[in-house]
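Readers should treat all values here as calculations from the given coordinates under stated rules, not as data from a laboratory. Fair warning: this is a prediction, and the values are worked out from it, not measured in the lab. Virtual Cβ from ideal backbone geometry, glycine too; neighbours counted across all protein chains shown.
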Amino acid sequence: MADQPTAMERFVQGILPENPVYRQLLGLCATLAVTNGMKSALTMAVCVAFVLVCANVVISLIRNLLTPHLRIVVFTLTIATFVTVADRVLAAYMFQMSKTLGPYIPLIIVNCIIICRCEVCASKQNVVIAAADALGQSIGFGLALASIAAIREILGTGMLMGFRVLPAFWPDWVIMVLPPGAFITLGLLLGLVNYIDFKREEARK
Amino acid sequence: MDYFVDILLIALSASIINNFIFYYFVGCCPFVGVSKKVDMAFGMGCAVTFVMSIAAFLSWGITVFVLIPGAPVSTFIAGFFTTPEAAAQIDLTVLSYIVYIFAIASSVQFVEMYVRKFFPSLYRSFGVFLPLITTNCAILFACLMIMSHVAGVDNPKEVWDLGKAMTLALFGGIGFTIAIVIMSGIREELELCDVPKPFKGAAITLVIGGILAIAFMGFTGVDSGIKNALKPTPAVQEQSSEASRNTLTQYLADITCKGHNGEEILP
């Protein structure tokens, strides 16, 4: 047990080295769907952070009561409860954003990131480590969403959260804010991340 | 006659025009992960279709009979505690996500038991993927779509009945199968190509998925075209909608980010 990662190590690992989108390829549905605009991407990142931290904490608190056969069902029901809370709060205080994000907030329930983190970390470690792990992973997820949303929104509309970034003669690449743009952006960024990783490994050798 | 036109529009829309993978992005994880061989992909698609139909049946039933205000079961039980008028207003839709995920988990469990008993070789070839269908976004998404057309509409005439709900689930699954089989066919050919090293695996799959999504974008407007042909609308409505589509970009953004009934899905 001595060489299990500490809380701080888990926190830092989740941001870039074990980034949930670029390294583990989890949660692709949410990533592709909400990165139309920066605002929806950040809202989704905050919601996922809330659900991930709460679910990790609760699962870590009851980890000694879980039976092997029913643990996935227990994870899913816990996550569903917190997602209902997040969904109702969002509908109450940010109604327009809730309508925009539509069915993708409830789809956080089946987001593989949260179930994977519960399975790998929260059901085996204590509360502090589980919470640190959740925070690191959600910051990593937020970074991934923000990077994709920035590219899609800047190339697709020339603006970023209301500020004009590209000059006015830019012909908006509308394809970027439509579904194909999501796939292509994520694919190219994933290739870029892999390339940087290979270069770093070669430099280390 | 109107009913069959509606069913046709829902079927076309769910399978081809608003394809679950290429338009709504649900079901991307198996799309990127399982699509290496055509027979595996086809088996996965069939399993997802089957589970989606069962889950849609269960979730429609529970939504209509238990969750929405005025549902028979909740009114009956609440009738023991309060007056009938108050009992008819009990709204349990806040529990819908928990109920749906429970229904999906149990239907996957039943399908797994059934397949293990009656098709053992198929069960072995599936391996760990069958329980993983529980976390497939597509199934929960189908249930949520049905809920939005049952509990989220104000006009009682537009509430979906069981036929429309099952059509959405069945043809959504068929669309998912079409997409994943196309992808697996392309990936089988891709193994003989010289893909650059950083792109091998998921990255090139996503880029190809994007090109396929562009191809499927060509189907947008087919359902409104069929709708106008079979259920002609008055001329006044046509003129006002034409005048607002000045530029190509506005036209594209106009027609592609709208759902089946013209509601906005994404900005």
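Given R₀ = 41 Å, FRET efficiency for A:Phe95-A:Met8 by Cβ-Cβ distance, to 0.05?
Details: r = 39 Å, r/R0 = 0.94.
E between A:Phe95 and A:Met8, to the nearest 0.05, is 0.60.
To the nearest whole number, what is the average tally of beta carbon atoms from other chains within 10 Å of the beta carbons of peptide B:18-31? Spell out each step's value before the answer.
On the way: counts 1, 1, 0, 4, 3, 4, 8, 12, 8, 2, 11, 8, 0, 3.
The shielding value for this peptide is 5.
When you take every Cα atom in segment A:69-205, what is the radius of gyration, and what is Dmax, the widest Cα pair distance, in Å?
Cα radius of gyration and Dmax of segment A:69-205 are 18.9, 60 Å respectively.
Just want the answer: with Cβ charges of +1 for Lys and Arg and -1 for Asp and Glu, which residue in A:Leu135, A:Gln24, A:Val73 is farthest toward the dipole's positive end in segment A:7-151?
So the residue furthest toward the plus end is A:Val73.
For the protein assembly as shown, with only Lys/Arg (+1) and Asp/Glu (-1) charged at the beta-carbon, what is the dipole magnitude about the Cα centre, in debye rounded to 20?
Working: 29 positive and 30 negative charges, 210 e Å.
Dipole magnitude for the protein assembly as shown comes out near 1000 debye.
At B:Ala88 and A:Lys124, where each label point lies 7 Å from the Cα along Cα→Cβ, what is the point-to-point distance in nanometres?
Calculated label separation equals 5.6 nm.
Running a GNM on chain A with Cα contacts under 10 Å, which residue among A:Arg23, A:Arg152, A:Arg117 ends up with the highest mean-square fluctuation?
A:Arg23
May I ask you to give the average projected area over all directions of the convex hull of the Cα atoms of segment A:1-50, in nm² rounded to one decimal? Don't jump to the answer; show the numbers that get you there.
On the way: hull surface 17.5 nm².
The directionally averaged projection comes out at 4.4 nm².
Please work out the FRET efficiency for the pair B:Ala215 and A:Leu192, using the Cβ-Cβ distance as r and a Förster radius of 25 Å; give the result to the nearest 0.05.
On the way: r = 25 Å, r/R0 = 0.99.
Here the calculated transfer efficiency is 0.50.
For a quick check of your reading of the filter: which chymotrypsin sites (Phe, Trp or Tyr not before Pro) in segment B:22-105 sit in a DSSP loop and have no more than 10 other Cβ atoms within 10 Å? If you can, show how the numbers build up before the last one.
Details: sites: B:Phe22, B:Tyr23, B:Tyr24, B:Phe25, B:Phe31, B:Phe42, B:Phe50, B:Phe57, B:Trp60, B:Phe65, B:Phe76, B:Phe80, B:Phe81, B:Tyr97, B:Tyr100, B:Phe102; in loops: B:Phe22, B:Tyr23, B:Tyr24, B:Phe25, B:Phe80, B:Phe81.
Filter output for segment B:22-105: B:Phe80, B:Phe81.
Residues of A:66-73, mean number of Cβ from any other protein chain within 10 Å of their own Cβ, rounded to a whole number?
Working: counts 0, 0, 0, 0, 1, 0, 6, 6.
Average neighbour count from other chains, rounded to a whole number: 2.
Among all the lysines, which ones have a C-alpha under 28 Å from A:Lys39's C-alpha, if same-chain residues fewer than 8 places away are not counted?
Partners found: A:Lys99, B:Lys258.
What pairs in B:Lys36/B:Lys164; A:Lys124/B:Lys37; B:Lys157/B:Lys231; B:Lys164/B:Lys231; A:Lys205/B:Lys200 have C-alpha atoms more than 25 Å from each other? Walk me through the intermediate numbers first.
Working: B:Lys36/B:Lys164 33 Å; A:Lys124/B:Lys37 35 Å; B:Lys157/B:Lys231 17 Å; B:Lys164/B:Lys231 18 Å; A:Lys205/B:Lys200 22 Å.
Distance filter (> 25 Å) returns B:Lys36/B:Lys164; A:Lys124/B:Lys37.
Considering chain B as a Gaussian network with a 10 Å cut-off on Cα pairs, which listed residue, B:Asp194, B:Asp154, B:Asp223, attains the greatest mean-square fluctuation?
Ranking B:Asp194, B:Asp154, B:Asp223 by mean-square fluctuation puts B:Asp194 first.
Between A:Thr81, A:Thr67, A:Thr157, find the one with the highest GNM mean-square fluctuation for chain A; connect C-alpha pairs within less than 10 Å.
Result: A:Thr67 has the largest fluctuation of those listed.
Using the number of other C-beta atoms within 10 angstrom as an exposure proxy, rank B:Ile182, B:Ile139 with the fewest first.
On the way: B:Ile182 20, B:Ile139 34.
Ranked by crowding around the Cβ, least crowded first: B:Ile182, B:Ile139.
Give the Rg/Rh ratio for segment A:7-151, taking Rg as the radius of gyration of the Cα atoms and Rh as the Kirkwood radius, to two decimals. Don't skip to the answer; put the middle values down first.
Working: Rg = 14.5 Å, Rh = 15.0 Å.
Ratio of gyration radius to Kirkwood radius: 0.96.
Would you mind working out the magnitude of the charge dipole of chain A relative to its Cα centre, with +1 at each Lys and Arg C-beta and -1 at each Asp and Glu C-beta, to the nearest 20 Debye?
Numbers: 15 positive and 11 negative charges, 23 e Å.
The dipole magnitude comes to about 100 debye.
With a 10 Å Cβ neighbour count serving as the proxy for reagent exposure, in which order, fewest first, do B:Phe216, B:Phe119 appear? Could you put the intermediate results ahead of the total?
Numbers: B:Phe216 22, B:Phe119 12.
Fewest-to-most Cβ neighbours within 10 Å comes out as B:Phe119, B:Phe216.
Which of the DSSP-defined H helices in chain A satisfy a minimum axial length of 20 Å, computed from C-alpha atoms, and a minimum mean Kyte-Doolittle hydropathy of 1.6? It would help to have the intermediate numbers written out before the result.
Values: long enough: A:38-61 (34 Å, 2.09); A:71-93 (33 Å, 1.47); A:127-157 (43 Å, 1.43); A:179-204 (38 Å, 0.31).
Those that pass (Cα extent of 20 Å or more, hydropathy at least 1.6) are A:38-61.
Apply the a/c threshold of 1.5 to the C-alpha gyration tensor of chain B and tell me whether it is rounded, prolate or oblate. Let's see the in-between values first.
Working: a/c = 2.31, a/b = 1.15, b/c = 2.01.
Oblate.
Using the Cα gyration tensor of the protein assembly as shown, with a ≥ b ≥ c the square roots of its eigenvalues, what is the shape: rounded (a/c below 1.5), prolate (a/b larger than b/c) or oblate (neither)? List each step's numbers first, then the result.
Values: a/c = 1.39, a/b = 1.08, b/c = 1.29.
Cα axes put the protein assembly as shown in the rounded bin.
Amide H of A:Leu160: which non-local residues (sequence gap of 5 or more, or other chain) have their own amide H closer than 5 Å, using H built in the peptide plane?
A:Val165
Considering Cα pairs under 8 angstrom that are at least six residues apart, work out the relative contact order of chain B and quote it in whole percent.
Numbers: 275 pairs, mean separation 89.2, N = 267.
For chain B, the relative contact order is 33 percent.
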